[in-house]
Amino acid sequence: MDDDLLMRYFTGELSGQESEALGKSLEADPSKREYLERMEKLWNLSGSIQDFQSIDTAKDWNTLRKKFGSSEISGQPDPWKRTISLTHRLIRIAAIILLVFGSAFMLYYYTGNGPISKLDWITVTVEDQQQELNLPDGSRVYLNNHSSLIYPADFKGLKRTVKLDGEAFFEIERDVEKAFVVNVADDASVEILGTSFNLRTDPEKKHVFLYVLTGKVAFYPKGKKKQARVVKQDEQAMYHKGKISPLSSIDLNFLSWRTRTLVFENTPLTDVVEQLGRHYRKEFLILDVGLDTLALTGTYNNQKIEEVLEEIALVLDIYFEETDGMIQVTAYDVQTDEE
């Protein structure tokens, strides 16, 4: 990655066009994203370094470039001095070099022997069941069906970072010094200190849904924390195509997979069948356009799908019929006429 671009990214000086171009480049090349994330960790750590004396930035920068397979800059002035005066930015870069090559701990952390090593990460995947996990910091995660969570054997870095695919409910142990970060696929991230929330991905529509039960959460496109939206208790938000937006229609059943209870309050039939489909893992198809005007109010506690559909059919005067794995919804009088 271009040195000047990297510097201006860390100092928040990229133009909107440059930020967009960088985002596309990171999407196209996962190795660049990994490189940037590691350097960003070092950049953030460098803010706490106090002793900057006797740092040979030119020598150490060449050493760092060798580390990443770049050619050495020989017989040249300090590469940073060509474009940047000896300001606070140069001092921070010098601190990064010092951290990498002058500290055994940071070398251990950076080269893959530390907590970023793949060997130290645990992957839990569930299929047709749910599972509760206890993380190293005491936080609890409840995985829904067909979901997976990747987390470190121990949270040693500046943040407690995990990766989710699918759906999970989190109860995060509060730690004011170590924020908890959930990366969802390669799309979005949430960051918190201590709270409880539910995250659900929709790979088909490329959506990520966040529901906050307690506390508040920073929700942002991955790698773009400056675009974070704060989602507070009892609020819901959605990520789609690089944007975070609040949900105008509140889903009362976002936790039905855990509570086993479905609640509808004057809910449009289109939303009812969508939530039934997600809860029971069934596909629904409304055949009659006129049914879109119907709405349902009712509570269904730990009932089989057959019982729920029977009650809904009676209340709304509609008909459910399953054909080839698809539950079709029609007006009841249509079925009567056919008979």
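The values are calculated or read from the model by the stated rules, or taken from the named source; none is laboratory data. The shown structure was predicted, so the numbers you read here are calculated from the model rather than taken from an experiment. Because the Cβ atoms are built from the backbone with ideal geometry, glycine has one as well, and the counts that use them run over all protein chains shown.
Data table
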| read-out | value |
| --- | --- |
| Test for Phe180: is it in contact (Cβ under 8 Å) with a residue 60 or more places away in the chain, crowded, with 21+ Cβ neighbours inside 10 Å and within 13 Å of the chain's Cα centre (by Cα) | no |
| Of all residues in region 130-176 being of a type in the set (Gly, Ala, Ser) and assigned to a strand (DSSP E or B), the one that is surrounded by the fewest Cβ atoms within 10 Å (Cβ to Cβ) | Ser148 |
| Yes/no for Gln275 being touching a residue at least 40 places away in the same chain (Cβ under 8 Å) and either polar (S, T, N, Q) or assigned to a helix (DSSP H, G or I) (or both) | no |
| Yes/no for Gln303 being in a loop (DSSP other than H, G, I, E, B) and more than 13 Å from Ile318 (Cα to Cα) | yes |
| Top-ranked residue of region 16-34 - restricted to ones that are among the aliphatic types (A, V, I, L, M) and surrounded by 10 or more Cβ atoms within 10 Å (Cβ to Cβ), ranked as farthest from Lys225 (Cα to Cα) | Ala21 |
| Any hit, region 322-332, residues being surrounded by 12 or more Cβ atoms within 10 Å (Cβ to Cβ), of a type outside the set (Gly, Ala, Ser), modelled with pLDDT under 90 and more than 32 Å from the chain's Cα centre (by Cα) | yes |
| The listed residue being among the charged types (D, E, K, R) and in contact with an Asp or Glu (Cβ under 9 Å, 6 or more places away or on another chain), out of Glu235, Glu177, Glu191, Glu173 | Glu173 |
| Filter result for Lys156 (basic (Lys, Arg), more than 22 Å from Leu252 (Cα to Cα), in contact (Cβ under 8 Å) with a residue 24 or more places away in the chain and touching a Phe, Trp or Tyr at 6+ places or on another chain (Cβ under 7 Å)) | no |
| Residue, nearest to Thr330 (Cα to Cα), within region 278-300, restricted to residues that are touching a residue at least 40 places away in the same chain (Cβ under 8 Å) and part of a helix (DSSP H, G or I) | Leu291 |
